[in-house]
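Beneath this line is the structure, given in structure tokens, with notes to follow.
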Amino acid sequence: MAATDIARQVGEGCRTVPLAGHVGFDSLPDQLVNKSVSQGFCFNILCVGETGLGKSTLMDTLFNTKFEGEPATHTQPGVQLRSNTYDLQESNVGLKLTIVSTVGFGDQINKEDSYKPIVEFIDAQFEAYLQEELKIRRVLHTYHDSRIHACLYFIAPTGHSLKSLDLVTMKKLDSKVNIIPIIAKSDAISKSELTKFKIKITSELVSNGVQIYQFPTDDESVAEINGTMNAHLPFAVIGSTEELKIGNKMMKARQYPWGTVQGE
């Protein structure tokens, strides 16, 4: 008898039994929520992209705050990674946010090994977590898990095609981290150019076998919205720390002589 047949029989044989009184498992969802809130949440983002593409500004925009950090220059002798951890609080929910950004990426004449420091950093986080798990007395509930949850890969808004540096780097990273490609400073090109650029990027990623993150669609409750999100990849983004009055509301936006671009 197949395993599916056994599972079907077990499922069909289940009976609904009325309870004689209160048991208490109806409070399990509340207990789980309270436990999660008390422990807080951890989120680690890796921002990869050339200098000047607005990595720091986008982070400020996404989390509606101003993170401290030194401005990057184009004079770095090699690629480095700068990691900063912040404790954020919204209502009664805490978030330990770690932002890791590349410094000097794409600034060298010889870019052949630009991806190596990034790969080594990601591997080091996996190794650190493994060593913690192998300890006789593990304290994983207090251990700060520094493994990267998502990699935002910033693509320059050239409107033409991906650079070889982008393809090589994403190919080296796609088996180690969830890559979400984004077109930085997308207001630098027109809507028609942006549409063509997205199609070109998607085509090049597929033809070169680069695996990017796909929002899961196996859960019916989020399948529709996640499917829509997947259709919009790569995302076109802008960042701004300046608040402007649009209509009757103050919003983060960028002001140009010909109009205003709103950051949602």
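Nothing in this text is a laboratory measurement; each read-out follows from the coordinates by a stated rule. Note that the structure is a prediction, hence the values are computed from the model and not measured. With ideal geometry, Cβ positions are generated from the backbone for all residues, glycine too; neighbour counts draw on all protein chains shown.
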Taking a straight Cα-to-Cα line shorter than 18 Å from Lys185, and setting aside same-chain aspartates and glutamates fewer than 8 residues away, one finds Glu50, Asp60, Asp166, Glu193, Glu242, Glu243, Glu264
Treating only Lys and Arg (+1) and Asp and Glu (-1) as charged, each at its beta carbon, one finds that the stretch 31-239 has a dipole about its Cα centre, in Debye to the nearest 20, of 140 debye
Name the shape class, rounded, prolate or oblate, that the alpha-carbon gyration tensor gives for the chain, where a ≥ b ≥ c are the square roots of its eigenvalues, rounded holds for a/c under 1.5, and otherwise prolate holds if a/b is larger than b/c and oblate otherwise. prolate
Scalar couplings 3J(HN,Hα) for the stretch 65-77 by Karplus 6.51 cos²θ - 1.76 cosθ + 1.60 (θ = phi - 60°), nearest whole Hz, x for Gly and Pro, are 8, 10, 7, 6, x, 7, x, 7, 10, 9, 10, 5, x
Distance from the stretch 61-123 to the stretch 209-264 (C-alpha centre basis), Å: 21 Å
Evaluate the relative contact order of the stretch 159-232 (contact order divided by residue number), counting alpha-carbon pairs under 8 angstrom at least 6 apart; express in whole percent. 38 percent
Subtracting the Cα-Cα distance from 0.36 nm times the residue separation, let me have the gained length for Thr228 to Tyr256 in nm, one decimal. 7.1 nm
Using Cα pairs closer than 8 Å and at least 6 residues apart in sequence, work out the relative contact order for the chain, in percent. 18 percent
Would you order Ile148, Ile199, Ile109 from fewest to most other beta-carbon atoms within 10 Å of each residue's own beta-carbon? Ile109, Ile199, Ile148
Over 26 Å between alpha carbons, listed pairs Lys171/Lys196; Lys111/Lys252; Lys66/Lys245; Lys96/Lys171; Lys176/Lys198; Lys96/Lys135: Lys111/Lys252; Lys96/Lys171
Interchain or long-range residues, amide H under 5 Å from Ala150's placed H: Asn44, Leu46
Express in whole angstrom the spacing between the alpha-carbon centres of the stretch 132-153 and the stretch 14-52. 19 Å
Projected label distance in nm at Leu140 and Glu243, using a 7 Å step from Cα toward the beta-carbon: 4.2 nm
Expected 222 nm ellipticity per residue - DSSP helices of 4 or more, -39500 (n - 2.57), all of the chain, to 500: -10500 deg cm²/dmol
Provide the net charge surrounding Gly104, with neighbours chosen by a C-beta distance below 14 Å and charges set as Lys +1, Arg +1, Asp -1, Glu -1. 0
Quick one: what are the phi-derived ³J(HN,Hα) couplings along the stretch 46-56, Karplus 6.51/-1.76/1.60 with θ = phi - 60°, whole Hz, x for glycine and proline? 10, 9, 10, x, 5, 4, x, 8, x, 5, 5
Between beta-carbons, use under 12 Å as the cut-off and find the net charge around Met250, counting Lys and Arg +1, Asp and Glu -1. +1
